[in-house]
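Asker: Sharing a structure with you now.
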There are 2 protein chains.
Amino acid sequence: MIDDVLAAAQRLVGHAHMTPVMQSSWLNQRLGATVVLKCENLQKIGAFKFRGAYNAISQLEAGDRQKGVITYSSGNHAQAVARVGQELGIKTVIVMPQNAPTIKRQATLGYGAEVVLYDPLTEKREAVTAKRQAQQGYTLIPPFDHHQVIAGQGTAALELLTEHPVDTLLVPCGGGGLLSGCAIAAKHRNPACKVIGIEPELADDATRSFRTGMIQRIDNPPTIADGTRTPALGDIPFSLIMKYVDDMATVSEQAIMDAVAVLFYRLKLVVEPSGALGLAALLSDRVKAVGRVGVILSGGNIDAATMADILAKATQN
Amino acid sequence: MIDDVLAAAQRLVGHAHMTPVMQSSWLNQRLGATVVLKCENLQKIGAFKFRGAYNAISQLEAGDRQKGVITYSSGNHAQAVARVGQELGIKTVIVMPQNAPTIKRQATLGYGAEVVLYDPLTEKREAVTAKRQAQQGYTLIPPFDHHQVIAGQGTAALELLTEHPVDTLLVPCGGGGLLSGCAIAAKHRNPACKVIGIEPELADDATRSFRTGMIQRIDNPPTIADGTRTPALGDIPFSLIMKYVDDMATVSEQAIMDAVAVLFYRLKLVVEPSGALGLAALLSDRVKAVGRVGVILSGGNIDAATMADILAKATQN
């Protein structure tokens with residue numbers, strides 16, 4: 001798998017941003033450690049998802065490129081697939097529930113994708129997608145359960161550890177694509193690096209899966225970290241996580257909001273709740289900061305109302 | 001003066017951050033130009049002011065260092081002086097009106113400064129400051145009307161133009177320290193670079209001063225860009241602006257809010273209203289974007305309520 005991550009890194013040169021790594025002396029002092037933040041909120045489309053989508057789609061053969069690609073998502077993966085399609089001149093189709101927020105639909109349309117709406121009460125997104133796939137010959141680019149998507153996401157950690165050797169790496173976990181890819185990359189750069197996946201307490205399916213050795217499922221968890229509302233780990237990420245990840249930890253909703261506020265006030269960065277999970281674990285002492293700690297800030301797509309609400313509810317740090 | 005800026009740049013190595021320069025393909029496409037954003041919101045204390053304060057204070061002789069420094073400000077300059085004093089082990093005294101926001105007083109106290117409050121209805125800040133100065137032998141570090149403060153601020157443009165040669169440079173203007181310093185640096189790097197100062201329409205004293213050749217004054221202008229509420233240019237900045245700046249332009253309050261929102265949504269950056277003036281001028285077509293345009297994002301110190309209000313009032317771009 002590491003060869004796939006290294007090849008992905010080559011493929012992404014000149015296409016994905018080499019995102020900056022930031023530090024804060026206030027934060028280092030507060031935590032008594034050196035914390036380096038990998039700013040995937042500053043990635044194209046505002047999240048790491050561009051990496052995996054580009055790595056998967058750019059490898060399609062000419063015939064498949066001509067037919068186009070399809071995915072089901074209303075989040076960052078949808079925007080990533082749409083944007084990659086736009087850059088590579090490949091038709092993209094995004095299957096979304098008809099109640100998806102207008103802002104997300106607009107963003108996807110803005111990148112030139114065709115949006116197919118379905119009624120989540122009467123239809124399954126997999127069935128809607130499969131029908132279109134069969135009719136049009138589209139290639140499916142799933143959001144995380146896919147080797148080349150995972151390899152692409154791993155390049156975020158590869159870049160971070162190449163620049164900053166760290167002893168511990170904290171990675172948000174939803175479907176597990178980012179976590180598994182980053183774990184492979186981190187262990188390659190430094191086998192002693194401890195890789196920890198972070199989830200909201202309210203959506204701790206991956207933590208339970210990790211502890212029991214069997215994929216556990218939580219439908220529609222009511223966490224503010226919308227990027228981690230995926231009901232369960234994918235099969236491929238799960239097996240990679242069992243092999244490469246050292247531990248999992250969970251954080252409270254309050255800790256997530258406090259971390260978003262610290263990033264706003266101290267780092268001057270706009271980070272979405274899912275993107276702040278790693279920092280939340282450090283600030284709330286769920287993971288003890290020791291030595292050099294790397295944190296993947298996975299995305300920054302948050303609307304004004306949510307940010308205002310979070311800043312109002314956050315505790316002063 | 002350019003020698004002072006170059007010397008300041010040397011002095012700041014290892015003390016101020018070499019702040020990142022960011023771009024957005026959305027922004028470049030929207031404006032039909034290449035726009036590079038110098039992120040002084042990511043500077044220490046969240047604004048360019050650290051540069052000037054460090055450059056001025058670090059040059060004091062041993063005897064003056066031992067006595068300490070004083071300034072009057074309730075804004076970013078106060079925090080900058082306090083932080084520099086903390087780093088260099090020099091006592092700092094900040095004179096603030098007793099109605100200054102608690103958050104600003106706390107931030108300054110947090111850097112170990114002594115805060116002296118005065119009643120703005122019955123006392124003048126200059127008199128309060130002069131009295132303390134005389135009693136204790138403190139050195140005054142004014143916010144902009146000071147050669148070494150100006151030279152320090154100019155290093156922001158020096159860094160930007162060293163990395164990115166630009167045809168036009170847009171700089172926010174309050175008391176004129178940042179604008180005059182940046183103009184000197186920009187003309188040194190590229191004599192053909194057009195330097196334009198940007199002000200809110202509601203606080204256009206510097207634009208009027210520039211046009212009439214005489215310092216004009218506006219007391220308590222009701223602009224949201226609080227960093228530009230200074231009533232008038234300083235004498236030293238004014239003469240440098242007349243010599244080195246090519247033009248001045250003004251922007252509406254709506255344009256300022258729209259620019260803050262674009263920086264939030266598209267760049268994932270927290271920028272205060274004064275810091276967004278340059279981008280506001282481009283987005284509202286007060287300055288036509290042509291070729292390569294540099295923009296100084298001067299600071300990011302904004303509270304949650306102000307940000308929420310701005311995002312709610314901003315027009316979708």
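Read-outs throughout are calculated quantities, based only on the coordinates presented, and are distinct from any laboratory measurement. As the structure is a prediction and not an experimental result, all values here were calculated from the model. All Cβ positions, glycine included, derive from the backbone under ideal geometry; neighbour counts span all protein chains shown.
Asker: Could you figure out which of (1) at positive phi; (2) away from chain B (no Cβ under 11 Å) isn't true of residue A:258?
Answerer: (1)
Asker: Give the range B:284-310 a look and list any residue that's buried (at least 24 other Cβ atoms within 10 Å of the Cβ), of a type in the set (A, V, I, L, M) and closer than 15 Å to residue B:101 by Cβ, or say none.
Answerer: B:302
Asker: Output the residues belonging to the range B:20-79 that are assigned to a loop (DSSP other than H, G, I, E, B) and within 30 Å of residue A:45 (Cα to Cα).
Answerer: If the condition is that a residue be assigned to a loop (DSSP other than H, G, I, E, B) and within 30 Å of residue A:45 (Cα to Cα), then B:20, B:23, B:24, B:32, B:33, B:43, B:48 are the ones that fit.
Matching residues to (1) buried (at least 20 other Cβ atoms within 10 Å of the Cβ); (2) not charged (D, E, K, R):
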{"site": "A:77", "(1), (2)": "yes, yes"}
{"site": "A:99", "(1), (2)": "no, yes"}
{"site": "A:102", "(1), (2)": "no, yes"}
{"site": "A:105", "(1), (2)": "no, no"}
{"site": "A:129", "(1), (2)": "yes, yes"}
{"site": "A:133", "(1), (2)": "no, yes"}
{"site": "A:139", "(1), (2)": "no, yes"}
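Asker: Could you list, in sequence order, the residues of the range B:18-32 that are in contact (Cβ under 8 Å) with a residue 24 or more places away in the chain and in contact with a Ser or Thr (Cβ under 9 Å, 6 or more places away or on another chain)?
Answerer: B:30
Asker: Which ones in the range A:1-58 are under 22 Å from residue A:267 (Cβ atoms) and small (Gly, Ala, Ser)?
Answerer: A:16, A:24, A:25, A:32, A:33, A:46, A:47
Asker: Additional query: So which residues in the range A:282-317 are assigned to a helix (DSSP H, G or I) and either under 23 Å from residue A:158 (Cα atoms) or within 14 Å of chain B (Cβ to nearest Cβ) (or both), if there are any at all?
Answerer: A:282, A:304, A:305, A:306, A:307, A:308, A:309, A:310, A:311, A:312, A:313, listed by residue number.
Asker: Sticking with this structure for a sec: Can you tell which of B:21, B:13 is surrounded by fewer than 19 Cβ atoms within 10 Å (Cβ to Cβ) and within 25 Å of residue B:88 (Cβ to Cβ)?
Answerer: B:13
Asker: Would you check which residues across the range B:119-131 are closer than 21 Å to residue B:67 by Cβ, of a type outside the set (S, T, N, Q) and under 26 Å from the mean Cα position of the chain (by Cα) and list them?
Answerer: B:125, B:126, B:127, B:128, B:130
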